[in-house]
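Asks: Would you mind keeping the following structure in view while I ask a few things?
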Amino acid sequence: MTFSIPTKSSKHWKKIGAHHHHGICVPLFFLKTHKSEGIGEYSDLLPLIDWCKSIGFDTIQLLPLNDTCQDSSPYNALSSFALHPVYLNLLSLPNFKKYLDLVKEVTSLIKLNNQKKIDYPLVANKKENILSLYLDREYANLIQNKDFSDFLLKEQSWLEPYGLFKSLKKVFPQAFWQWPKELRNFTSARQHSLSKGLDKHIKKEFLKQFFCFQQLKMAKDHATENNILLKGDLPILIRKDSSDVW
């Protein structure tokens, strides 16, 4: 196939290759390995990429990876940009293994890998609690990371409202239209005043996204090196009670 008539998507098809592609469609949460922490994770894509290459596949399509908080449906996103922290491999986070009490908690999650079904509420809640404790302890070190600073600058437009929304959700778990009147409507001009007293909570949300993007990029880079396409899926609509709608 040639591109004699240029279109807006022509350059992308040239990069991908306009020919038959073969692969699989799989939900990330089901890709459990012996290193998983109760659920499939971004790093679990690495062995799948290697397997696909070994049998001649060149495409892996994933269900949406967006943050859905405690909802197990990948199509009920809190944000059209944010990735889900439940897919983080906690043991590979910087300095995580020095906290033996947290390592012990993660070990209990690893034992869940043998179950046929994923206990999503249990895994999501436990990983969230462990991650929060870790970020409290490493916060001062992590926010000094240059890569983190670069990430903030690059993703600022969606990340700041998202971080604020998630932080407010911890205080007011109900739908945002049921929040106190002064919090219901977000504007850029009011962002500073709405963020008052929540700075550390917001930055912790930023750090979670930073780690998610790092771990997914590692998988993406490995796929590119092996000529495997990672084909994403998007929620057709995000949830009504979401960062974007707010």
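Asks: Quick test for you: out of S43, S92, pick the one residue that is within 22 Å of L28 (Cβ to Cβ), modelled with pLDDT of 95 or more, polar (S, T, N, Q) and open to solvent by less than 50 Å² (accessible area, probe 1.4 Å).
Replies: Result of the check over S43, S92: S43.
Asks: Could you check segment 95-110 and list, in sequence order, the residues that are assigned to a helix (DSSP H, G or I), open to solvent by 20 Å² or more (accessible area, probe 1.4 Å) and free of Cβ contacts under 8 Å to residues at least 60 places away in the same chain?
Replies: Those that are assigned to a helix (DSSP H, G or I), open to solvent by 20 Å² or more (accessible area, probe 1.4 Å) and free of Cβ contacts under 8 Å to residues at least 60 places away in the same chain: K97, K98, L100, D101, V103, K104, E105, T107, S108.
Asks: Any residue at all in segment 27-36 that is part of a helix (DSSP H, G or I) and buried (at least 21 other Cβ atoms within 10 Å of the Cβ)?
Replies: Among the residues of segment 27-36, at least one is part of a helix (DSSP H, G or I) and buried (at least 21 other Cβ atoms within 10 Å of the Cβ), which makes the answer yes.
Asks: Kindly indicate whether any position in segment 136-155 is within 30 Å of H192 (Cβ to Cβ) and surrounded by 20 or more Cβ atoms within 10 Å (Cβ to Cβ).
Replies: Yes - at least one qualifying residue is present in segment 136-155.
Asks: Scan segment 114-134 and give yes if some residue there is at pLDDT 95 or above, of a type in the set (G, A, S) and crowded, with 19+ Cβ neighbours inside 10 Å, otherwise no.
Replies: Looking for residues that are at pLDDT 95 or above, of a type in the set (G, A, S) and crowded, with 19+ Cβ neighbours inside 10 Å, one finds at least one in segment 114-134, hence yes.
Asks: Let me ask something else. Restricting attention to segment 1-51, and to residues there that are touching a residue at least 12 places away in the same chain (Cβ under 8 Å) and of a type in the set (G, A, S), which single residue is farthest from A124 (Cα to Cα)?
Replies: Taking the candidates together, the pick is A18.
Asks: Return the residue satisfying two criteria in turn: it lies in segment 203-246 and is touching a Pro at 6+ places or on another chain (Cβ under 8 Å) and closer than 18 Å to D58 by Cα, and of such residues it is surrounded by the fewest Cβ atoms within 10 Å (Cβ to Cβ).
Replies: Here the answer is G232.
The values are calculated or read from the model by the stated rules, or taken from the named source; none is laboratory data. Everything numeric here is computed off the predicted structure, so don't read it as measured data. Backbone-built Cβ (ideal geometry, glycine too); neighbour counts: all protein chains shown. What goes into the accessible areas is simple: the full protein's heavy atoms, side chains included, and nothing from ligands, DNA or RNA. Shrake-Rupley method; radii C 1.70, N 1.55, O 1.52, S 1.80 Å.
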